[in-house]
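Undergrad: Dropping the structure in here first, questions after.
The values are calculated or read from the model by the stated rules, or taken from the named source; none is laboratory data. Computed from a prediction, not measured in an experiment: that's the story for all the values here. Cβ placement follows ideal geometry from the backbone for every residue including glycine, while neighbour counts extend to all protein chains displayed.
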Amino acid sequence: MPTTMNDTMADANTEDDIMKHLSVQIIFYMLYAAIFLLGLLGNMLVCYIVYTNRAMQTVTNLFITNLALSDILLCILAVPFTPLYTFLDRWIFGQLICHLVPYAQATSVYVSTLTLSAIAIDRFFVILHPLRQRMKLTTCFGILLGIWWFSMLITLPYGICMKVESHNGKEVCEENWSIQYFEVAFGIFTLLMQFVIPFCIIAYCYWRISKRLNQRAKSKPGSKSARREEADREMKRRTNRMLIAMVTIFGICWFPLNLINLINDVVDLGSIFHLLFFLTHCMALSSTCYNPFLYAWLNENFRKEFKQVLPCALGNSSNRYCNPDEHTLDTLLHSSVFTSPAKQLEPREPIAERIPHHIQEYDL
């Protein structure tokens, strides 16, 4: 079972369901509203910066933008429909929306987790294999297109099996598998593809990256100045903290919801399921707020652009983003297309010295 809209209404008619209390519903409304605003604004800002600045349209940033797009889709579809559906105690949006909304939710979750895996793999090759030619933009677009097609195909059975049915005089939108075994099998398959495999890929890639940076920091003792060694140690500490944060947040956000959905497929948890589902659902959707921070704000180039955009949004017309013509000219002047011949003829740095620039690009 995918980790978004669930068939929570079929058994939601018990009087002791804690989700029927107004105070509990208000708390969850506030949580969902905060996730919606922070996730939507943060990810839209990432997309805007990449779209309006050609210098920011790199392979790394395209992956980050795809992650932001999937998070925007998740905010628009998962945040409003899921709580409204449960708190209204009935499905009021019709048969077509019953198919499309859960399907789009499940697709966006797959796109998000697979994009996070692609970012980790790309970083793995850039840091551990600096001599290998960097991925081209056309290859990156092909990977992103493949992620979307794969996500849409793999969640298609879930979208098809969603149906509007009547329970105790109320219409509900729930899964209706022809064979019960298929529901359990699909739930296990989703847990593996949507969490276990991506988590293992992300954890392995970042562990290898951290190990390589540690080895590099210890290599050739005495060959660097004390100031340079201290800078390398600080970069290593910052890198390790960030890599650990990426893996930890991914696991904390997505594992509980996957686990609860899988358990409910096998054992009926009763009315307590609704409380557990909403708690873990909020945790999962909160990743849409963390991702712009982890993958964009902590990147030095993105951070500079954020600082340029935000004052403009607050009404500071002197900012360069408030004048599109000046911003376009500034972007073109700083793009590699206009690199001077003298700069192009400069000798390339030694391999050992070029590795930090790859790291700096990601600002790990």
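Undergrad: Can you tell me which residues in region 151-170 are loosely packed, with under 15 Cβ neighbours inside 10 Å and among the polar types (S, T, N, Q)?
TA: Within region 151-170, 166, 168 qualify.
Undergrad: May I pose another question? Suppose the filter is part of a helix (DSSP H, G or I) and either modelled with pLDDT of 90 or more or small (Gly, Ala, Ser) (or both); does residue 19 pass it?
TA: So residue 19 does not fit the description; no.
Undergrad: So for region 171-187 (the condition being among the hydroxyl-bearing types (Ser, Thr, Tyr), modelled with pLDDT under 75 and either surrounded by fewer than 17 Cβ atoms within 10 Å (Cβ to Cβ) or over 29 Å from residue 57 (Cβ atoms) (or both)), does at least one residue qualify?
TA: Keep residues of region 171-187 that are among the hydroxyl-bearing types (Ser, Thr, Tyr), which gives 178, 181.
Add one more test, that the residue is modelled with pLDDT under 75, and what stays is none.
Within region 171-187, none of the residues are among the hydroxyl-bearing types (Ser, Thr, Tyr), modelled with pLDDT under 75 and either surrounded by fewer than 17 Cβ atoms within 10 Å (Cβ to Cβ) or over 29 Å from residue 57 (Cβ atoms) (or both).
Undergrad: Considering only region 35-58, state which residues are hydrophobic (A, V, I, L, M, F, W, C), farther than 30 Å from residue 279 by Cα, touching a residue at least 24 places away in the same chain (Cβ under 8 Å) and buried (at least 18 other Cβ atoms within 10 Å of the Cβ).
TA: The answer is 49, 56.
Undergrad: Given the conditions (1) farther than 19 Å from residue 200 by Cα; (2) surrounded by fewer than 20 Cβ atoms within 10 Å (Cβ to Cβ); (3) in contact with a Lys or Arg (Cβ under 9 Å, 6 or more places away or on another chain), and given that residue 124 satisfies all but one, which numbered condition is not satisfied?
TA: Every listed condition holds for residue 124 apart from (1).
Undergrad: Could you pull out the residue among 101, 24 that is in a helix (DSSP H, G or I) and at pLDDT 85 or above?
TA: Selected residue: 101, the only one of 101, 24 that is in a helix (DSSP H, G or I) and at pLDDT 85 or above.
Undergrad: Only one residue in 73, 114, 96 is free of Cβ contacts under 8 Å to residues at least 24 places away in the same chain, out of contact with any Lys or Arg (no Cβ under 6 Å at 6 or more places or on another chain) and in a helix (DSSP H, G or I), so which one is that?
TA: It is 96.
Undergrad: Considering each of 34, 55 in turn, give the residue that is part of a helix (DSSP H, G or I) and out of contact with any Ser or Thr (no Cβ under 8 Å at 6 or more places or on another chain).
TA: Every option except 34 fails the conditions.
Undergrad: Mind listing whichever residues of region 261-309 are surrounded by 22 or more Cβ atoms within 10 Å (Cβ to Cβ) and β-branched (Val, Ile, Thr)?
TA: The one that is surrounded by 22 or more Cβ atoms within 10 Å (Cβ to Cβ) and β-branched (Val, Ile, Thr): 288.
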